[in-house]
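Asks: I'd like to ask some things about the structure below.
Taken together, the values in this text are just the output of simple stated rules run on the coordinates, not laboratory data. Owing to the predicted nature of the structure, the values given are computational and were not obtained by experimental measurement. All Cβ positions, even for glycine, are placed from backbone atoms using ideal geometry, and neighbour counts span all protein chains on display.
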Ligand SMILES: Nc1ncnc2c1ncn2[C@@H]1O[C@H](COP(=O)(O)OP(=O)(O)OP(=O)(O)O)[C@@H](O)[C@H]1O
């Protein structure tokens, strides 16, 4: 096991005509894009638009029914790819063990999989804690921490895997605006320091505007806009304007309308 900061080659991700169907339900249709090495790529879209399904397809947990996903030049759904490329997914809820200290949460995976000897694991965990300013939290259990700190612990735990590709599922959900901004800063800093390719599924407009290199907007499983955040958010289209700046109409509320 090397250092968390060691020079690693980051990797590109390419979706080529990706479609995902569950039975009769076509959830993703003809999605194509490429994420360059070391880029921050944001996937936005309303609830139910297929963001989580797309994320699971990108990381190879789901095999597309049409098209393909390449990580570098390897097929994402080929199990061999995941032996060659280190990918990590930061889950929405963090999925931390509350019975263990923060330190042991970070050390859990490399210990379980005997990836290194204990002193080496401890060194790497300490390095990840330091990168995310979590040293004081090392002996606490996750339940003692704020939501923002728990998200940072979940990210730190992914860093221990030395990922070349880091995927975040709603990293700023359920956080107040300041904590959400902190997490955006963490994602941008890690990209700067580790050059890790980062794909972020998010509803957070500020995150996309401030840290993405490029983004897509999904709706009903298809890409409705693609480009820089400025380009996407400035797209002249009723549905895109409605997504980014929904008007609150108490005379004619949405929940009483058809959609
Ligand atoms: N395993 C599955 N089998 C059948 N349908 C599924 C499955 N997983 C997801 N879906 C459907 O796919 C659609 C997209 O779901 P997905 O969770 O990707 O949306 P999302 O954009 O991530 O939503 P949210 O922002 O609310 O998390 C939904 O209609 C969902 O019901």
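Asks: Any chance you could check the Cα centroid distance between region 161-215 and region 2-71 for me, in angstrom?
Replies: That distance is 16 Å.
Asks: Counting each DSSP H run of 4 or more residues in the chain as -39500 (n - 2.57), what helix-only mean residue ellipticity at 222 nm follows after dividing by all residues, to the nearest 500 deg cm²/dmol? Numbers along the way, then the final one.
Replies: On the way: 9 runs with 87 residues, N = 259.
After summing the helix terms and dividing by residue count, I get -9500 deg cm²/dmol.
Asks: Please give the helix 147-159 orientation as an angle from the longest Cα principal axis of the chain, in degrees from 0 to 90, rounded to the nearest 10.
Replies: The angle comes out at about 70 degrees.
Asks: Consider just the alpha-carbon atoms of region 130-256 and return their Rg together with their Dmax, both in angstrom.
Replies: Using the Cα atoms of region 130-256, the pair Rg, Dmax is 17.1, 53 Å.
Asks: Between the helical axis of 177-194 and the dominant principal axis of the chain, each derived from Cα atoms, what acute angle in degrees is found, rounded to the nearest 10?
Replies: 60 degrees
Asks: Where the Cα atoms of region 1-148 are projected onto their three principal axes, how long is each span, largest first, in whole Å?
Replies: 48, 32, 26
Asks: Further, regarding this structure: Quick one: among 163, 119, 142, which has the greatest mean-square fluctuation in a GNM of the chain with alpha-carbon springs under 10 angstrom?
Replies: 119
Asks: Using a Gaussian network model on the chain with a 10 Å cutoff between Cα atoms, which of 152, 245, 205 fluctuates the most?
Replies: Taking springs between Cα atoms under 10 Å, the residue moving most is 245.
Asks: When DSSP beta bridges are limited to those with both residues in the chain, what percentage is antiparallel, rounded to the nearest 5? Working shown, then result.
Replies: Working: 19 of 36 bridges.
Expressed as a percentage, antiparallel bridges in the chain total about 55.
Asks: While we're looking at this one, here's another question. Taking Cα atoms, how many degrees apart are the long axis of helix 118-131 and the longest axis of the chain, rounded to 10 and kept between 0 and 90?
Replies: 50 degrees
Asks: Over the chain, what is the relative contact order in whole percent, taking alpha-carbon pairs under 8 Å and six or more residues apart?
Replies: Values: 471 pairs, mean separation 68.3, N = 259.
Over the chain, the number comes to 26 percent.
Asks: While we're here: Fully extended, how many nm does the chain gain between residue 114 and residue 37 (0.36 nm per residue separation, minus their Cα-Cα distance)?
Replies: Values: separation 77, 0.36 × 77 = 27.72 nm, distance 2.92 nm.
Computed gain between residue 114 and residue 37 is 24.8 nm.
Asks: Divide the volume of the convex hull of the Cα atoms of region 98-162 by its number of residues and quote the answer in cubic angstrom per residue.
Replies: On the way: hull volume 4.7 nm³, N = 65.
In region 98-162, the Cα hull volume divided by residue count equals 72 Å³.
Asks: What's the Kirkwood radius of the chain in Å, using all Cα pairs? Show your work: numbers first, answer last.
Replies: Numbers: mean 1/r = 0.0520 Å⁻¹.
Result for the chain, one decimal place: 19.2 Å.
Asks: Still on this structure, please answer the following. Taking the number of other C-beta atoms within 10 Å as the exposure measure, put 87, 65, 178 in order starting with the fewest. Please report the intermediate quantities before stating the final value.
Replies: Values: 87 22, 65 14, 178 8.
Exposure proxy ranking, most exposed first: 178, 65, 87.
Asks: Pick from 149, 215, 100 the residue whose mean-square fluctuation is largest in a GNM of the chain, springs joining Cα atoms under 10 Å.
Replies: Largest GNM mean-square fluctuation: 100.
Asks: Something else about it: How far, in nm, would the chain grow between residue 75 and residue 133 when pulled straight, counting 0.36 nm per residue and subtracting the alpha carbon separation?
Replies: Numbers: separation 58, 0.36 × 58 = 20.88 nm, distance 3.58 nm.
Full extension of this stretch gives 17.3 nm more.
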